[in-house]
Structure formats: structure tokens, C-alpha cells
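Heads up, the thing below is written out as C-alpha cells.
All of the numbers you see were taken from the coordinates with simple rules; none came from a lab. What you see is a predicted model; the values in this text were computed from it and never measured. Glycine also receives a Cβ, built like all others from the backbone with ideal geometry; neighbour counts cover every protein chain displayed.
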Amino acid sequence: MKIAINGAAGRMGKMLVSLAKDAGMEVIARVDIAEGYDSVWPEGTEGVIDFSYHTATPATVEEAVKRNIPCVIGTTGLTAEEQEIVNKAAEKIPVVQSGNYSLGINFLLEMARKAAEVLGKEYDVEVVEMHHKHKKDAPSGTALMLAKSVAEGRGVAPDFVYGRSGEVGERPAGEIAVHALRGGSVVGDHTVMFAGDVERVELVHKAQGREAFAAGALKALGWAKGRAPGMYTMRDVLGFA
Ligand SMILES: NC(=O)c1ccc[n+]([C@@H]2O[C@H](COP(=O)([O-])OP(=O)(O)OC[C@H]3O[C@@H](n4cnc5c(N)ncnc54)[C@H](O)[C@@H]3O)[C@@H](O)[C@H]2O)c1
């Protein structure tokens, strides 16, 4: 499969380029605003993977619609308007979008959903993430996905509290809180904590490198090839849905 990578000069982009061949893909466009990179995709591009910056994602997905090719989106921090453009595109082409393409995190999402269902609202949920100091958005897309899984498991709306400061008072029952830590070179740590009165359950994932995200995104593009238009996630790709 001949593919374009948007954000090719970035941390994830470089990893995608280096792993593409092993995944049976040929990178024919390394697109980035950085010097020395491509600005267009050549004829014959069969799919695109976007790990860039949220403002760049709408143009990428619209170009994929023009070419009628599948698009895999890893970029996080999209605004509501940008997300709407992605949703519209998914009416015309297959789009896979995930805040985290690693197998381990996608497994953790399933466990968080199940734990929330079994433990119920008596266990207070705190989602804590830590990432390297260069990360531009907060909280991480993955932390939001984990919090959403908890809400789904409980059967409640995805309303979350982000951090705490000042006279916050007693913790209301049923609250789901999300906290973002930043520092050093941490690739991505996520903990979903279920704190009960007599015990505490913690589901923990620590990424040791970016390979797992890149391998998952390449797998997703191969999976999306030839699919009907629609919005898909890694749950679909991994067969959890
Ligand atoms: N979904 C996942 O599994 C996952 C995993 C890791 C990172 N991410 C997300 O992927 C994105 C990229 O992460 P990163 O660590 O590689 O960041 P990075 O800053 O290292 O790389 C981003 C690249 O995008 C390029 N870029 C910016 N605007 C562009 C534009 N208009 N057109 C083309 N290229 C453009 C930058 O020049 C840069 O090279 C972030 O949103 C991050 O949160 C997602």
C-alpha cells in the first residue's frame, strides 16, 4: 500500500516512516511544514496517516476525501469545529480515529469499562496521566478515552472534572476526575484509579516507546483499506467492538 504521512518530521511521524516497510507499506509522501519535507501527496497515494497538529488535521482529511482514500488520525486536541470536519469526512471515506493506537491501552479501555460496571459509583474514579514536557495539549486524548470508558461502564454522561484547586469541598459521589502531569521525557503513563472506602483498584499502563502507537496506526490503515465509509476506532480494528 502506497501511503502519505502527515507530520512526518515529528516524533511519531519519524517512527511511522521507519516502521512502514515492516507493515507492508511504502511511504511515498513525507508531509510536514518542516524544511526538506513534502507538501503534496503524489498521484497513486492509497491512504494517509496524520500525526501532526490539530489545525492541520481538517485539511488532511479533506484531501483524503478528494482522493477517496482511507485516513487514519492520531493527532489529538482537535477543537469541536475541527472534529466536525473529520466526522463529515467519515460519511464519504473510512476514517480511523483514536487517541491511542497501542494494543495495551485499547485493552485497558476494555478493563476500565468493565471495572466501572462491576465496582459502581461507590468507587471514586481518578484518571491520572503523565507525558513529556513537549506535549502541547492536556489532558491527553488517551486520558479522555479512559474517562469515557468509565462513564460508559457506569451508564452515565461523559462529564468530567479537570484538576482541582482552592475550596473545592467534599468530593461529590459519582464524580470522574482527570489530571494531567507534565515533565521530562515520559512517553505516556496512564492510571485509572477506583478508590473505595476499604480498598483501591488501579489500572496502570506505561508506554516504553512510540513503536506501539506507530505499529497500531499502520495496522489501522491496512484494515481501513477497502472498508465502507464510516468513523472507526481501534476497537473496530482489534475486533473488540
Ligand atoms: N493517537 C496516538 O496513539 C498518539 C500517540 C502519540 C502522539 N499522538 C499525537 O500525535 C500528534 C503528534 O505528536 P508528536 O509527538 O509526533 O508531535 P511532534 O510535535 O513531534 O510532531 C508534529 C509534527 O507535525 C508537524 N506539523 C505541524 N503543523 C503541520 C501542518 N500544518 N502540516 C504538516 N505537518 C505539520 C510539525 O512540523 C511536526 O513535525 C500530537 O497531537 C500527539 O498528541 C497520538
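Pop the C-beta distance of residue 79 and residue 197 into the FRET formula with R0 = 30 Å and round what comes out to the nearest 0.05. Can you show the working numbers first?
Values: r = 40 Å, r/R0 = 1.32.
So, using R0 = 30 Å, E works out to roughly 0.15.
Measuring from label point to label point, each 7 Å out along Cα→Cβ, what is the residue 122 to residue 136 span in nm?
4.6 nm
Quote the FRET efficiency, to the nearest 0.05, computed for residue 87 versus residue 21 with a Förster distance R0 of 25 Å and r equal to the Cβ-Cβ distance.
Between residue 87 and residue 21 the formula returns 0.20.
Count the net charge of all other residues whose Cβ sits under 12 Å from the Cβ of residue 76, scoring Lys and Arg as +1 and Asp and Glu as -1.
Local net charge: -2.
Say the cut-off is 28 Å between C-alpha atoms; which of 114/136; 14/133; 88/133; 66/135; 135/206; 14/148 go over it?
Distance filter (> 28 Å) returns 114/136; 88/133; 66/135; 14/148.
Could you pull out every one of the aspartates and glutamates with an alpha carbon less than 20 Å from that of residue 92, ignoring same-chain neighbours closer than 8 positions?
Straight-line reach from residue 92, under 20 Å: 43, 46, 50, 62, 63, 81, 82, 84, 236.
Rounded to the nearest 500 deg cm²/dmol, what is the calculated helix-only ellipticity per residue at 222 nm for the chain, with -39500 (n - 2.57) per DSSP H run of length n ≥ 4?
Numbers: 7 runs with 81 residues, N = 241.
Taking each H run of at least 4 residues, the total per residue is -10500 deg cm²/dmol.
Under the classification rounded if a/c is under 1.5, otherwise prolate if a/b is larger than b/c and oblate if not, where does segment 103-206 fall, given a ≥ b ≥ c as square roots of the Cα gyration tensor eigenvalues?
Since a/c reaches 1.5 but b/c is at least a/b, the shape of segment 103-206 is classed as oblate.
Using the per-residue mean of other Cβ atoms lying within 10 Å as a proxy for protection, in what order, highest first, do the peptides 43-54, 220-231 fall?
Output ranking for 43-54, 220-231: 43-54, 220-231.
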